[in-house]
Amino acid sequence: MNRGFGFKQKIIRFMQGRYGVDQLSSFMIWCAVMLALIGMFVQSPIFTILCWVLIIFGYVRILSKNTTRRYTENQKFLDKTFGIRNAFAKVKYRVKYGKQTPEAYYIYKCKKCGQRIRIPKGKGKILITCPKCKYQFKKNSK
Ligand SMILES: [Zn+2]
């Protein structure tokens, strides 16, 4: 009856003082899965080898007791991948909240040229200048 609990305790005890999962390790494991998938289609042992190398190194990091060093590695990884992670985060955000974003804006159409103008909500009564034809009109952006 207590077997599950005991096993969990064993894992917790085993993981004590060990570094655990961080972004770099999860990235390595994720890459390994990708390589394994590619390896299913491409008949080349290199993918399988790389996959195992990544899994082994990933788990060596996770189970490592040198937490300071692992932390530094992860920070370096985060620094170097900031640009790309940021880009991914933006795409992710757009996928998740894309439909909600326009709610923060009113889309007005210029009466003269039909240009669509995005005005943030909560601006009150404002004079809008069309960026295309410079036509001005008043709107209430509540
Ligand atoms: Zn216009």
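Every condition in (1) out of contact with any Phe, Trp or Tyr (no Cβ under 9 Å at 6 or more places or on another chain); (2) assigned to a helix (DSSP H, G or I); (3) not basic (Lys, Arg) is met by PHE77 except one, and the failing one is (1).
Scanning region 121-142 for residues that are aliphatic (A, V, I, L, M) and within 14 Å of the ligand (Cβ to nearest atom) yields LEU127, ILE128. Here TYR93 meets the list (1) away from the ligand (no atom under 16 Å from the Cβ); (2) outside any helix (DSSP H, G or I) almost entirely, failing just condition (2). Determine if region 90-105 includes at least one residue that is exposed (fewer than 11 other Cβ atoms within 10 Å of the Cβ), at pLDDT 90 or above and not β-branched (Val, Ile, Thr). Within region 90-105, not a single residue is exposed (fewer than 11 other Cβ atoms within 10 Å of the Cβ), at pLDDT 90 or above and not β-branched (Val, Ile, Thr). Kindly establish whether LEU54 is out of contact with any Asp or Glu (no Cβ under 6 Å at 6 or more places or on another chain) and without any contact (Cβ under 8 Å) to a residue 24 or more places away in the chain. No, not satisfied.
The values are calculated or read from the model by the stated rules, or taken from the named source; none is laboratory data. Just so it is clear, the structure is predicted and the values come from calculations on it, not from any experiment. No Cβ is skipped: glycine too gets one built from the backbone with ideal geometry, and neighbour counts run over all protein chains shown.
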